[in-house]
Amino acid sequence: MRFVLDHDYHLHTNLSSCCHEEEQTTERLLRYAEKNGLRDICLTNHFWDDAVCQPTKWYAPQNFAHIASARPLPQSDKVRFHFGCEGDMNERFIIGIGQEVRKEMELLVVPFTHMHMKEFVPTETPVEERANLYVQRMDVFMGSDLPDGKTGIAHMTTPLIARAQWTDHIRLLEMIPDDVFRYEFSRAAQRNFGIELNMDLAKYAPEELQSVLRPYFIAKECGCKFYLGSDAHSAAALEGAMKRFEDMVSALDLTEEDKFCPFES
Ligand SMILES: [Zn+2]
Ligand SMILES: [Zn+2]
(Lines give C-alpha, C1' and ligand atoms only; values in the text may rest on other atoms or scores of the structure.)
(Ligands and ions follow the chains in the order given, each with its own letter.)
Protein backbone atom coordinates (compact mmCIF):
# COMPACT_ATOMS: atom_id res chain seq x y z
CA MET A 1 0.00 0.00 0.00
CA ARG A 2 1.25 3.46 -0.93
CA PHE A 3 2.53 5.67 1.92
CA VAL A 4 -0.54 7.49 3.22
CA LEU A 5 -0.24 11.24 3.86
CA ASP A 6 -1.82 11.15 7.31
CA HIS A 7 0.51 13.12 9.55
CA ASP A 8 2.85 16.10 9.91
CA TYR A 9 5.42 15.87 12.69
CA HIS A 10 7.26 19.17 12.19
CA LEU A 11 5.14 22.24 12.86
CA HIS A 12 5.83 25.63 14.43
CA THR A 13 3.61 28.25 16.03
CA ASN A 14 4.25 31.87 16.91
CA LEU A 15 6.22 30.67 19.97
CA SER A 16 9.13 30.13 17.58
CA SER A 17 11.16 33.33 17.17
CA CYS A 18 11.39 32.89 13.39
CA CYS A 19 7.59 32.68 13.00
CA HIS A 20 6.24 36.07 11.99
CA GLU A 21 2.50 35.40 11.92
CA GLU A 22 0.62 36.02 15.12
CA GLU A 23 -2.23 33.85 13.77
CA GLN A 24 0.10 30.83 13.53
CA THR A 25 -1.50 29.16 16.56
CA THR A 26 -2.15 25.57 17.60
CA GLU A 27 -5.81 26.08 16.57
CA ARG A 28 -4.67 26.94 13.05
CA LEU A 29 -2.52 23.80 12.97
CA LEU A 30 -5.45 21.69 14.11
CA ARG A 31 -7.65 23.14 11.34
CA TYR A 32 -4.90 22.39 8.80
CA ALA A 33 -4.81 18.77 10.00
CA GLU A 34 -8.58 18.39 9.86
CA LYS A 35 -8.82 19.94 6.42
CA ASN A 36 -6.18 17.57 5.00
CA GLY A 37 -7.33 14.43 6.78
CA LEU A 38 -4.22 14.13 8.97
CA ARG A 39 -4.52 11.70 11.88
CA ASP A 40 -1.46 12.79 13.88
CA ILE A 41 0.39 16.08 14.09
CA CYS A 42 3.20 17.15 16.38
CA LEU A 43 4.08 20.61 17.65
CA THR A 44 7.83 21.19 17.34
CA ASN A 45 8.75 24.73 18.25
CA HIS A 46 12.42 25.69 18.36
CA PHE A 47 13.94 24.83 21.71
CA TRP A 48 17.22 24.89 23.61
CA ASP A 49 17.31 23.41 27.08
CA ASP A 50 19.22 25.76 29.41
CA ALA A 51 19.71 22.80 31.78
CA VAL A 52 22.10 21.27 29.21
CA CYS A 53 24.31 24.30 28.58
CA GLN A 54 24.26 27.99 27.80
CA PRO A 55 21.96 28.76 24.85
CA THR A 56 22.87 31.20 22.10
CA LYS A 57 21.24 34.63 22.26
CA TRP A 58 18.61 33.53 19.74
CA TYR A 59 17.74 30.38 21.65
CA ALA A 60 17.77 31.91 25.15
CA PRO A 61 14.07 32.94 25.24
CA GLN A 62 13.01 29.63 23.66
CA ASN A 63 13.35 27.52 26.78
CA PHE A 64 11.09 24.78 28.09
CA ALA A 65 8.69 27.05 30.01
CA HIS A 66 8.23 29.02 26.80
CA ILE A 67 7.42 26.11 24.46
CA ALA A 68 5.36 24.34 27.15
CA SER A 69 3.05 27.38 27.32
CA ALA A 70 1.38 25.95 24.18
CA ARG A 71 -0.12 23.21 26.34
CA PRO A 72 -2.81 21.96 26.65
CA LEU A 73 -2.94 21.33 22.90
CA PRO A 74 -6.36 21.50 21.24
CA GLN A 75 -7.62 18.07 20.22
CA SER A 76 -10.40 16.82 17.99
CA ASP A 77 -12.14 13.52 17.23
CA LYS A 78 -10.14 13.13 14.08
CA VAL A 79 -6.71 14.47 15.02
CA ARG A 80 -4.24 13.53 17.73
CA PHE A 81 -2.09 16.57 18.52
CA HIS A 82 1.25 15.59 20.06
CA PHE A 83 3.76 17.70 21.97
CA GLY A 84 7.42 17.70 20.97
CA CYS A 85 10.15 20.15 20.03
CA GLU A 86 12.72 20.96 17.40
CA GLY A 87 16.00 20.72 19.26
CA ASP A 88 19.44 21.50 17.92
CA MET A 89 23.13 20.55 17.89
CA ASN A 90 25.62 23.30 18.70
CA GLU A 91 29.20 23.96 17.55
CA ARG A 92 30.54 21.45 20.07
CA PHE A 93 28.04 18.86 18.79
CA ILE A 94 26.06 19.06 22.02
CA ILE A 95 22.34 18.37 21.60
CA GLY A 96 20.28 20.82 23.65
CA ILE A 97 17.57 18.54 25.05
CA GLY A 98 18.19 17.32 28.62
CA GLN A 99 16.88 14.14 30.25
CA GLU A 100 14.26 15.87 32.42
CA VAL A 101 12.41 17.60 29.59
CA ARG A 102 12.55 14.49 27.38
CA LYS A 103 9.97 12.91 29.68
CA GLU A 104 7.53 15.64 28.65
CA MET A 105 8.03 15.24 24.91
CA GLU A 106 6.35 12.67 22.71
CA LEU A 107 8.78 13.20 19.82
CA LEU A 108 12.14 14.92 19.46
CA VAL A 109 12.70 16.41 16.04
CA VAL A 110 16.39 17.27 15.80
CA PRO A 111 18.43 18.59 12.89
CA PHE A 112 22.19 18.29 12.62
CA THR A 113 21.84 20.67 9.66
CA HIS A 114 21.27 24.10 11.23
CA MET A 115 24.59 25.08 9.73
CA HIS A 116 23.31 28.57 8.87
CA MET A 117 23.58 29.56 12.55
CA LYS A 118 26.80 31.52 12.73
CA GLU A 119 27.46 30.52 16.34
CA PHE A 120 27.48 26.87 15.21
CA VAL A 121 29.28 27.25 11.87
CA PRO A 122 31.03 30.51 10.87
CA THR A 123 29.27 32.04 7.87
CA GLU A 124 32.38 32.16 5.67
CA THR A 125 33.11 28.41 6.06
CA PRO A 126 33.69 27.04 2.53
CA VAL A 127 31.50 24.29 1.09
CA GLU A 128 34.26 21.63 1.24
CA GLU A 129 34.75 22.28 4.95
CA ARG A 130 31.00 22.30 5.48
CA ALA A 131 30.78 18.87 3.86
CA ASN A 132 33.28 17.52 6.41
CA LEU A 133 31.34 19.17 9.22
CA TYR A 134 28.09 17.74 7.90
CA VAL A 135 29.52 14.23 8.13
CA GLN A 136 30.95 14.85 11.61
CA ARG A 137 27.65 16.22 12.86
CA MET A 138 25.71 13.34 11.34
CA ASP A 139 28.13 10.85 12.88
CA VAL A 140 27.76 12.31 16.38
CA PHE A 141 23.99 12.39 15.92
CA MET A 142 23.74 8.69 15.08
CA GLY A 143 25.81 7.79 18.16
CA SER A 144 24.04 10.22 20.50
CA ASP A 145 21.81 9.31 23.43
CA LEU A 146 18.67 10.53 21.63
CA PRO A 147 15.83 8.07 22.28
CA ASP A 148 15.42 5.18 19.82
CA GLY A 149 12.06 5.27 18.02
CA LYS A 150 11.22 8.74 19.36
CA THR A 151 13.67 10.85 17.38
CA GLY A 152 13.17 12.41 13.96
CA ILE A 153 16.04 13.64 11.80
CA ALA A 154 14.82 17.03 10.57
CA HIS A 155 15.40 18.38 7.06
CA MET A 156 18.54 16.42 6.27
CA THR A 157 19.14 18.10 2.88
CA THR A 158 18.01 21.65 3.67
CA PRO A 159 19.68 24.53 1.81
CA LEU A 160 20.67 25.80 5.30
CA ILE A 161 23.75 23.56 5.20
CA ALA A 162 25.41 25.92 2.68
CA ARG A 163 23.49 28.85 1.37
CA ALA A 164 25.86 31.49 0.00
CA GLN A 165 24.49 30.36 -3.37
CA TRP A 166 21.53 28.11 -4.16
CA THR A 167 23.67 25.35 -5.66
CA ASP A 168 26.04 25.20 -2.65
CA HIS A 169 23.92 22.75 -0.66
CA ILE A 170 23.62 20.50 -3.71
CA ARG A 171 27.40 20.56 -4.21
CA LEU A 172 27.91 19.80 -0.53
CA LEU A 173 25.68 16.72 -0.70
CA GLU A 174 27.47 15.53 -3.85
CA MET A 175 30.78 15.57 -1.93
CA ILE A 176 29.61 12.89 0.49
CA PRO A 177 30.25 9.34 -0.78
CA ASP A 178 27.49 6.69 -0.86
CA ASP A 179 29.43 4.58 1.65
CA VAL A 180 29.43 7.33 4.24
CA PHE A 181 25.67 7.76 3.94
CA ARG A 182 25.22 3.99 3.96
CA TYR A 183 27.16 3.62 7.21
CA GLU A 184 25.27 6.43 8.96
CA PHE A 185 21.81 5.39 7.73
CA SER A 186 22.42 1.81 8.83
CA ARG A 187 22.96 3.21 12.31
CA ALA A 188 19.80 5.35 11.98
CA ALA A 189 17.80 2.29 10.92
CA GLN A 190 19.12 0.26 13.86
CA ARG A 191 18.02 2.95 16.27
CA ASN A 192 14.72 3.57 14.49
CA PHE A 193 15.35 7.27 13.98
CA GLY A 194 12.76 8.66 11.54
CA ILE A 195 13.93 10.45 8.39
CA GLU A 196 11.96 13.61 7.67
CA LEU A 197 10.49 14.29 4.23
CA ASN A 198 10.43 18.01 3.93
CA MET A 199 11.92 19.15 0.61
CA ASP A 200 10.18 21.20 -2.02
CA LEU A 201 11.20 19.21 -5.09
CA ALA A 202 9.60 21.78 -7.41
CA LYS A 203 12.51 24.10 -6.62
CA TYR A 204 15.04 21.76 -8.21
CA ALA A 205 16.04 21.38 -11.86
CA PRO A 206 15.72 17.79 -13.15
CA GLU A 207 19.51 17.31 -13.10
CA GLU A 208 19.69 18.50 -9.47
CA LEU A 209 17.04 16.10 -8.22
CA GLN A 210 19.27 13.05 -8.35
CA SER A 211 21.79 14.78 -6.06
CA VAL A 212 19.33 15.83 -3.39
CA LEU A 213 17.34 12.60 -3.46
CA ARG A 214 20.37 10.29 -3.31
CA PRO A 215 20.67 10.34 0.50
CA TYR A 216 16.98 9.38 0.83
CA PHE A 217 17.32 6.48 -1.61
CA ILE A 218 20.30 5.22 0.37
CA ALA A 219 18.38 5.62 3.63
CA LYS A 220 15.55 3.58 2.14
CA GLU A 221 17.97 0.84 1.07
CA CYS A 222 19.32 0.77 4.61
CA GLY A 223 15.83 0.16 6.01
CA CYS A 224 15.22 3.62 7.48
CA LYS A 225 11.66 4.75 8.13
CA PHE A 226 10.29 8.10 6.96
CA TYR A 227 7.85 10.73 8.19
CA LEU A 228 6.32 13.90 6.77
CA GLY A 229 7.37 17.20 8.31
CA SER A 230 6.34 20.46 6.69
CA ASP A 231 8.38 22.69 9.05
CA ALA A 232 5.59 25.21 8.42
CA HIS A 233 5.91 28.58 10.16
CA SER A 234 3.11 30.29 8.16
CA ALA A 235 -0.27 29.89 6.47
CA ALA A 236 1.39 29.80 3.05
CA ALA A 237 3.69 26.95 4.11
CA LEU A 238 0.74 24.97 5.47
CA GLU A 239 -1.08 25.55 2.21
CA GLY A 240 1.74 24.05 0.13
CA ALA A 241 2.60 21.18 2.48
CA MET A 242 0.47 18.38 1.02
CA LYS A 243 1.80 18.97 -2.49
CA ARG A 244 5.39 18.81 -1.22
CA PHE A 245 4.63 15.59 0.70
CA GLU A 246 2.99 14.09 -2.36
CA ASP A 247 6.04 14.85 -4.53
CA MET A 248 8.51 13.36 -2.02
CA VAL A 249 6.50 10.18 -1.51
CA SER A 250 6.16 9.73 -5.28
CA ALA A 251 9.84 10.42 -5.99
CA LEU A 252 10.94 7.85 -3.42
CA ASP A 253 8.11 5.44 -4.21
CA LEU A 254 7.35 4.90 -0.53
CA THR A 255 4.84 2.45 0.91
CA GLU A 256 3.22 2.12 4.33
CA GLU A 257 6.05 -0.30 5.21
CA ASP A 258 8.46 2.64 5.01
CA LYS A 259 6.57 4.75 7.56
CA PHE A 260 8.06 5.91 10.87
CA CYS A 261 5.43 5.45 13.61
CA PRO A 262 6.61 7.08 16.84
CA PHE A 263 3.20 7.17 18.50
CA GLU A 264 2.13 3.56 18.04
CA SER A 265 3.76 2.03 21.11
ZN1 LIG B 1 14.99 23.53 11.45
ZN1 LIG C 1 11.49 23.68 12.07
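Considering only protein heavy atoms and a 1.4 Å probe, what is the carbon-and-sulfur percentage of the accessible area of segment 7-258?
Details: 5430 of 10690 Å².
That share works out to 51 percent.
Within 10 Å of each candidate Cβ there may be at most 14 other Cβ atoms; applying that plus a DSSP loop requirement, which trypsin sites (Lys or Arg not before Pro) in segment 51-92 survive? Write out the running numbers ahead of the final one.
Values: sites: LYS57, LYS78, ARG80, ARG92; in loops: LYS57, LYS78, ARG92.
Counting only loop positions with at most 14 other Cβ atoms within 10 Å, the trypsin sites (Lys or Arg not before Pro) in segment 51-92 are LYS57, LYS78, ARG92.
Using modelled backbone amide H atoms (1.01 Å from N, in-plane), which distant-in-sequence or interchain residues come within less than 5 Å of PHE226's amide H?
HN-HN under 5 Å from PHE226: ILE195, LYS259, PHE260.
Per residue, how much accessible surface does the chain expose to a 1.4 Å probe? Answer in Å², no decimals. Let's see the in-between values first.
On the way: 11460 Å² over 265 residues.
Roughly 43 Å² per residue, with all protein chains present.
Could you pull out the pairs from LYS35/LYS203; LYS220/LYS243; LYS203/LYS225; LYS118/LYS225; LYS78/LYS103; LYS118/LYS203 whose alpha carbons sit more than 27 Å apart here? Walk me through the numbers before you get to the answer.
Values: LYS35/LYS203 25 Å; LYS220/LYS243 21 Å; LYS203/LYS225 24 Å; LYS118/LYS225 31 Å; LYS78/LYS103 25 Å; LYS118/LYS203 25 Å.
Where the Cα-Cα span goes over 27 Å, the pairs concerned are LYS118/LYS225.
Through the Karplus equation 6.51 cos²θ - 1.76 cosθ + 1.60, θ set to phi - 60°, convert the phi angles of segment 129-139 into ³J(HN,Hα) values in whole Hz; use x for Gly and Pro.
5, 5, 5, 4, 5, 4, 5, 4, 5, 5, 5
What is the extension gain from GLN75 to PHE217, computed as 0.36 nm multiplied by their sequence separation minus the C-alpha to C-alpha distance, in nm to one decimal? Walk me through the numbers before you get to the answer.
Working: separation 142, 0.36 × 142 = 51.12 nm, distance 3.51 nm.
Here the segment from GLN75 to PHE217 would lengthen by 47.6 nm.
How big is the charge dipole of the chain about its Cα centre, in debye rounded to the nearest 20, if each Lys and Arg gets +1 on its Cβ and each Asp and Glu gets -1 on its Cβ? Provide the component values of the computation, followed by the final result.
Values: 28 positive and 43 negative charges, 51 e Å.
In debye, rounded to 20, the chain gives about 240.
Based on alpha-carbon centroids, what's the gap between segment 94-126 and segment 26-75 in Å, whole number please?
15
Are there any GluC sites (Glu not before Pro) in segment 180-265 that are in a DSSP loop and have at most 13 other Cβ atoms within 10 Å? List them by number. Before the final figure, lay out each step's value.
Values: sites: GLU184, GLU196, GLU207, GLU208, GLU221, GLU239, GLU246, GLU256, GLU257, GLU264; in loops: GLU264.
Passing sites in segment 180-265 are GLU264.
Apply the Karplus parameterisation 6.51 cos²θ - 1.76 cosθ + 1.60, with θ equal to phi minus 60°, to every residue of segment 196-211 and state each ³J(HN,Hα) to the nearest whole Hz, in sequence, with x for glycine and proline.
Taking θ as phi minus 60°, the curve returns 7, 9, 9, 5, 9, 5, 5, 7, 9, 6, x, 6, 8, 4, 4, 5 Hz for segment 196-211.
Between LYS203 and ALA164, what is the spin-label point distance in nm, taking each point 7 Å from the Cα along the Cα→C-beta axis?
It works out to 1.9 nm between the two label points.
Taking 0.36 nm per intervening residue step and subtracting the Cα-Cα distance, what contour gain separates GLN190 from ALA65 on full extension?
Gain in length upon complete extension: 41.7 nm.
How high is the relative contact order of segment 83-238, in percent, with contacts defined as C-alpha pairs under 8 Å that are six or more residues apart? All intermediate terms of the calculation are to be shown ahead of the outcome.
Numbers: 222 pairs, mean separation 32.4, N = 156.
Over segment 83-238, the number comes to 21 percent.
First check a/c for the chain, with a ≥ b ≥ c the square roots of the eigenvalues of its C-alpha gyration tensor; if it is under 1.5, answer rounded, and if not, answer prolate when a/b is larger than b/c or oblate otherwise.
Details: a/c = 1.41, a/b = 1.13, b/c = 1.25.
Note, shape of the chain comes out rounded.
Which whole-Hz ³J(HN,Hα) couplings does segment 152-161 yield from phi under the Karplus relation 6.51 cos²θ - 1.76 cosθ + 1.60, θ = phi - 60°, glycine and proline marked x?
These are the phi-based 3J(HN,Hα) values: x, 8, 6, 4, 4, 10, 4, x, 4, 5 Hz.
Using 0.36 nm per residue, how much length does the chain from CYS261 to THR25 gain when fully extended, once their Cα-Cα distance is taken away? Before the final figure, lay out each step's value.
Values: separation 236, 0.36 × 236 = 84.96 nm, distance 2.49 nm.
Computed gain between CYS261 and THR25 is 82.5 nm.
In nm, to one decimal, how far is the modelled label at GLU239 from the one at THR56, with both set 7 Å along Cα→Cβ?
3.0
With a cut-off of 8 Å between alpha carbons and a minimum separation of six or more residues, what is the relative contact order of the chain in percent? Don't skip to the answer; put the middle values down first.
Values: 479 pairs, mean separation 57.4, N = 265.
Relative contact order for the chain comes out at 22 percent.
The values are calculated or read from the model by the stated rules, or taken from the named source; none is laboratory data. Keep in mind that this is a model prediction, so the values were computed, not measured. No Cβ is skipped: glycine too gets one built from the backbone with ideal geometry, and neighbour counts run over all protein chains shown. Accessible surface is based on the protein model in full, side chains and every heavy atom, while ligands, DNA and RNA are left aside. Shrake-Rupley method; radii C 1.70, N 1.55, O 1.52, S 1.80 Å.
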